[in-house]
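Reviewing the structure listed below.
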Amino acid sequence: MVETLRFRNGKLELVDQRLLPGKFKYVKCDTPREVWSAIKDMTVRGAPAIGITGAYGVYLGIKGFKGVTTRTIVQKVIKTAEYLATSRPTARNLFWGLERMVKTAKDNGGLPACELKKILLNEAHAILEEDKAICRAIGENGSFLVPKGARVLTHCNAGALATADYGTALGVIYSAKDRIREVLVDETRPVLQGARLTAWELVNEGINATLICDNMAAYMMSKKRIDLVVVGADRISANGDTANKIGTYSVAVNAKYHGIPFYVAAPSSTFDLTLRSGALIPIEERDPMEVKSLGGKLITVKGIHAANPAFDVTPAGLITGIITEMGVILKPSRSRVKIVLNRGSRSSQRYGTRA
Ligand code: MRU
């Protein structure tokens, strides 16, 4: 499976997802500014992947510091985290990763500066390794929900490219691979994460996959070509409302109408329990040119306005279950979210470990 992010020779290396599926190339980041740009321009994307990237970005901010006090390092960590937090607003995982680095710096503020630097690098490594274990656990927990011979629809890319490895929604698909007859892949306009990234991953993994335009999903449902839907998430509020890639909400409405189970797969780090409902989730507005063009070519007239909200919110009432590393939250509600998230990890020993 693809190694989406790796830390080599003191630099963060990211698969350049803007070039896929045509070209496979790593981009090297050596500074927080380069990390900020890589998140903003979607060289790296997907909620867990940008959380891990942000954590390494914080380390890169202090990597070159020599002969300074521990206090200087802690202050720089806070500043860098604040800066990286301005790159993209919706995915909770980004802020979660940054907050974890800041907490690590503050908790170890009594140590010598060189020790603290090592601890911060190890924390970023731990976040990456934990994500791998979490995705496997999500895959395993979700695989029991996939009936034999299932045809599954997914939207956007919630695979290895969106995480450290394996994915969340695609993790469920990989874990249930032997029981799945076909995966239908929404192309996911305007950035085409489905057509470019999910299609690439599934074909590489030898999974029977069929690409559809976003507006074909309801028709496929009406023709009984879809048995269940599984998607990822960028932020989930305390009551289970889920922000995910634009178009997810319409898939959920269509699934409800056709009586098809609709699952969300996400790590606990995607939950934002400070938000009572999905109405409070900040939705990123991206450049209208993403809508007005395709493959760098204008597909409409210059003078037209275009809207480009990058995410939408699916109300909890449309969600059959949220698959986490801690278990499945069926018919999500405030109390059910709390019960499952309080249960603690059911994944392997590696999850939750600190370096
Ligand atoms: O704009 P993107 O490509 O970062 O949006 C990604 C998604 O919406 C994914 O479905 C979500 O982050 C889950 S990734 C495991």
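Read the figures in this text as sums done on the coordinates, not as results from a lab. Treat the numbers as computed from the prediction; the structure is a model and nothing was measured. Note: ideal-geometry Cβ built from the backbone for every residue, glycine included; neighbour counts use all protein chains shown.
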Checklist line | Normalised contact order of the chain, rounded percent, pairs of Cα under 8 Å and 6 or more residues apart | finding: 16 percent
Notebook entry, point to check: With each run of n ≥ 4 DSSP H residues scored as -39500 (n - 2.57), what mean residue ellipticity at 222 nm is computed for the chain after dividing by its residue count and rounding to the nearest 500 deg cm²/dmol?
Noted result: -11500 deg cm²/dmol
Next item on the list: Give the dimensionless ratio obtained when the Cα radius of gyration of the stretch 73-152 is divided by 2.2 N^0.38 Å.
Entry: 1.51
Note to self: Sort 328-336, 61-69 by the packing proxy (mean of other Cβ within 10 Å over each peptide's residues), most packed first.
What the structure shows: 328-336, 61-69
Next item on the list: Just add up the charged neighbours of residue 157: K/R +1, D/E -1, any other residue whose Cβ is under 15 Å from the Cβ of residue 157.
Entry: -3
Margin query: Using C-alpha positions alone, give me the convex hull volume of the chain per residue in cubic angstrom.
Written below: 132 Å³
Check: Which aspartates and glutamates have a Cα less than 20 Å from the Cα of residue 103, not counting those fewer than 8 places away in the same chain?
Finding: 82, 115, 123, 129, 130, 131, 272
Check: Can you give the Kirkwood hydrodynamic radius of the stretch 42-85 from its Cα pairs, in Å with one decimal?
Finding: 11.2 Å
Note to self: If I fit a long axis through the Cα atoms of helix 248-258 and take the longest principal axis of the Cα atoms of the chain, what angle between them do I get, 0 to 90°, rounded to 10?
What the structure shows: 30 degrees
Check: With the contact rule set at Cα under 8 Å and sequence spacing of 6 or more, what percent relative contact order holds for the stretch 1-126?
Finding: 23 percent
Margin query: Relative contact order for the stretch 141-343: what percent, with Cα pairs under 8 Å and sequence separation of 6 or more?
Written below: 21 percent
Next item on the list: Over every pair of different alpha-carbon atoms in the stretch 5-135, take the mean of 1/r and invert it; report that Kirkwood radius in Å.
Entry: 14.6 Å
Next item on the list: Answer with one residue from 154, 122, 294: the one whose Cα lies farthest towards the positive end of the charge dipole of the chain, charges on Cβ with Lys, Arg +1 and Asp, Glu -1.
Entry: 122
Item checked: Net charge of neighbours whose Cβ lies under 12 Å from the Cβ of residue 18, counting Lys and Arg as +1 and Asp and Glu as -1 -> +2
Checklist line | Part-to-part distance (alpha-carbon centres) for the stretch 269-348 and the stretch 149-196, which is given in Å | finding: 16 Å
